[in-house]
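The values are calculated or read from the model by the stated rules, or taken from the named source; none is laboratory data. Here the structure is a predicted model, which means the values were calculated and not measured. Glycine gets a Cβ as well: all are built from the backbone with ideal geometry, and neighbour counts include every protein chain shown.
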Amino acid sequence: MLFDYKAVSADGRRVLGRIDAINLIDLEMRLKRMELDLITGQPVLYRSLFGGGRIPRRELINFCFHLEQLTGSGVPILDGLSDLRDSLEHPRFREIVAGLIESIEGGQTLSQAMDTHPHVFSKVFVSLIRAGEASGDLPQVLENLTQSLKWEDELASHSKKLLLYPAFVGTIVLAATLFLMVYMVPQLKVFVRNMGQTLPPQTQALFFVSDLLTQYWFVFAALPVVAVVGLQIALRTNPLARARVDGLKLHIPVLGEILKKIILSRFANTFAMLYASGIPVLDSIRSTQDVVGNRVVQIALERVEQSIREGKNVAIAFHDVGLFPPLVVRMLRVGENTGGLDKALRNVSYFYNRDVKESVERAQAMIEPLLTLIMGALLGWIMLSVIGPIYDVIARLKP
C-alpha cells in the first residue's frame, strides 16, 4: 500500500514523500531505516473517473454481516478477516482488509487499524467498533452497523427515485425547448413577420428569447459550468457561504422539507446506534455532527451539545434549538424520565425512517403531474406564440 508521509530528518529538515508500506507501523520502521522520524502518514486513495477509489456501500454491508457471523460464532478476528480477504472481489477493498490484518498482527486493535482508513471507515464506524471492543459485544455492534448500512442504502435508493423522474423529464423538456428555440422558431419567425401585422407580446418575447439562444449559445452553455465551479469553490473556502446554501436547501418547496427529514433521520439513527453501544450522550452527539452533511443542522447540534454540557437535560436541549418536532422531544423526555433513553432514541429513529418513506412517496405523487403541467405550459406557450399570428391571418382571409 502506498503512503504519503511527512517526516523530519536528523538535522531537523522536514521531508515529504511517498513510499510503499504494509501499514503505519511498517511505514515508521522503513523511515527509521532512512534516518527519518515519521510525523504523519496517510494511505494513498485510488481514484478514477468512474469513482473506482470509493468502496461501494454493498461491500461494507457484506463485510459487516460476514464479520458479525464469524465473530459471533467464536472465530478469532484475524481468522475472520483472513477469510473475508480471500472472498472479496473488490480489489481495493481486498487490499484494505489485508492492511487491517497486517496492522492487527503488528499490535493494533481492529478499531485502531480501521482508523488508518478514514475514507472507508468513518469516525462513527470506528467509534462503534471501539465501543464494541471495550464492552466485549463486537458481534452486536457489527449487527447494528449492518442494519444501519442497509438503512442508508435504502434511503439512498429512495432519494434517487425522487430525483430520477424530475431529472429525466427535465432533460426531455430542456432538449425539446432548445430544439424549438434554436431550429424551429427562427424558421417560423421570418414567415410570421412577413405577414405584415403587429405581433402579440408573447410572440415578441418568444422571438427575443430565440435570438438570445441562437446568437449567444456559448454564453448559455458556459454559464452553468461557471456557476457550478464557482459555487463549489465558495463552499470549500467560505464557511458562511456553505451555511447559507445549506440553509436554502432546507427551504426549497417540497424537496427542502424532505431533505430536512432525511438529515434528521440519519442523525437519529446514528445517535441511537452510538448511545445503545454504550457511548456517552455528549460523545454520541459530537460524533453525529460529522454525518448530518448540513452546516445548519450541524450548528444546531453543537448548540445541543453545549446546552447539555451546561446542565440541561437532553429533551430541553433539543427543544430549545427548534429543529425537532414536539413528538420527538416528547419521546426523548419520556426516555430520560424512565431511564430508557436508548429505547426512546430507537423510537425517534423509527419515527423519522417512516416519515421519510411516506414523504418521498407523497413527493413522487406530486412531482409527476407538476412536471407534466410545466412541460405542457412551456410547449403550449411556444406553439401558441407562433401559431396565434398565423391563425389571425387565416381568420381574416375568410369571406
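Name the pairs whose Cβ atoms lie under 7 Å apart, with the first residue in segment 330-345 and under 14 Å from I316 (Cα atoms), the second of a type in the set (K, R), and 6 or more positions between them or separate chains?
G335/K343
Answer yes or no as to whether A227 is small (G, A, S), part of a helix (DSSP H, G or I) and at pLDDT below 85. I'd like the intermediate steps shown before the answer.
On the way: small (G, A, S): yes; part of a helix (DSSP H, G or I): yes; at pLDDT below 85: no.
So A227 does not fit the description; no.
Out of the helices (runs of 4 or more DSSP H) lying entirely within segment 73-143, which hold 1 or more residues that are at pLDDT below 85? Don't jump to the end; show me each part of the working.
On the way: elements: 77-87, 91-105, 110-115, 123-135.
Of the helices (runs of 4 or more DSSP H) lying wholly inside segment 73-143, those with at least 1 residues that are at pLDDT below 85 span 77-87, 91-105, 123-135.
Which ones in segment 143-165 are basic (K, R) and over 24 Å from L274 (Cα atoms)? Reasoning before the result, please.
Start the filter on segment 143-165 by keeping residues that are basic (K, R), which leaves 150, 160-161.
Those that are basic (K, R) and over 24 Å from L274 (Cα atoms): K160, K161.
Please work out which residue is farthest from G136 (Cα to Cα), limiting yourself to segment 272-284 and to residues that are surrounded by fewer than 23 Cβ atoms within 10 Å (Cβ to Cβ) and among the hydrophobic types (A, V, I, L, M, F, W, C).
So the residue we want is L282.
Inside segment 98-136, can you point out the residues that are over 18 Å from the mean Cα position of the chain (by Cα), closer than 17 Å to S277 by Cα and buried (at least 16 other Cβ atoms within 10 Å of the Cβ)?
Here is the first cut: in segment 98-136, the residues over 18 Å from the mean Cα position of the chain (by Cα) are 98-117, 126-136.
Right, trim to closer than 17 Å to S277 by Cα and you get 110-111, 126-136.
L110, S111, V126, S127, L128, I129, R130, A131, G132, E133 - these are the residues of segment 98-136 that are over 18 Å from the mean Cα position of the chain (by Cα), closer than 17 Å to S277 by Cα and buried (at least 16 other Cβ atoms within 10 Å of the Cβ).
Being within 18 Å of Q147 (Cα to Cα) and β-branched (V, I, T): is that true of I308 here? Can you show your working first?
Values: within 18 Å of Q147 (Cα to Cα): no; β-branched (V, I, T): yes.
Spelling it out, it is not the case that I308 is within 18 Å of Q147 (Cα to Cα) and β-branched (V, I, T).
Quick check on this structure: which one of V393, V314, V291, V348 is modelled with pLDDT of 85 or more and not aromatic (F, W, Y)? It would help to see each step written out before you state the result.
Numbers: V393 fails: modelled with pLDDT of 85 or more; V291 fails: modelled with pLDDT of 85 or more; V348 fails: modelled with pLDDT of 85 or more.
None of the other options fit; the residue is V314.
In segment 301-315, what residues are surrounded by fewer than 20 Cβ atoms within 10 Å (Cβ to Cβ) and either touching a residue at least 40 places away in the same chain (Cβ under 8 Å) or not basic (K, R) (or both)?
As a first pass, look at segment 301-315 and keep what is surrounded by fewer than 20 Cβ atoms within 10 Å (Cβ to Cβ): 302-303, 305-313.
E302, E305, Q306, S307, I308, E310, G311, N313, listed by residue number.
Tell me the residue from S73, S87 that is exposed (fewer than 14 other Cβ atoms within 10 Å of the Cβ), more than 18 Å from N23 (Cβ to Cβ) and over 31 Å from the mean Cα position of the chain (by Cα), please. Can you show your working first?
Numbers: S87 fails: over 31 Å from the mean Cα position of the chain (by Cα).
Only one candidate passes the filter, namely S73.
Kindly evaluate F318 against the criterion of being surrounded by 15 or more Cβ atoms within 10 Å (Cβ to Cβ), more than 23 Å from the chain's Cα centre (by Cα) and of a type in the set (F, W, Y). Show your work before the answer.
Values: surrounded by 15 or more Cβ atoms within 10 Å (Cβ to Cβ): yes; more than 23 Å from the chain's Cα centre (by Cα): yes; of a type in the set (F, W, Y): yes.
Criteria met by F318.
Cβ contacts < 6 Å: first residue farther than 15 Å from I96 by Cα and outside the structural domain of A98 (by TED's automatic domain parsing), restricted to segment 11-31; second residue polar (S, T, N, Q) and at pLDDT 80 or above, any location; separation 6+ or different chain. Result?
Partner pairs satisfying both residue conditions: V15/S9.
Among what's in segment 61-77 and is aliphatic (A, V, I, L, M) and touching a residue at least 24 places away in the same chain (Cβ under 8 Å), pick the residue that is nearest to D153 (Cα to Cα). Break it down stepwise before answering.
Here is the first cut: in segment 61-77, the residues aliphatic (A, V, I, L, M) are 61, 67, 70, 75, 77.
With the extra rule that they be touching a residue at least 24 places away in the same chain (Cβ under 8 Å), the set shrinks to 61, 67, 77.
Working: I61: 9, L67: 19, I77: 26 Å.
The selected residue is I61.
Quick one: count up the residues across segment 78-97 that are within 19 Å of E133 (Cα to Cα) and in contact (Cβ under 8 Å) with a residue 40 or more places away in the chain.
Qualifying residue count, segment 78-97: 0.
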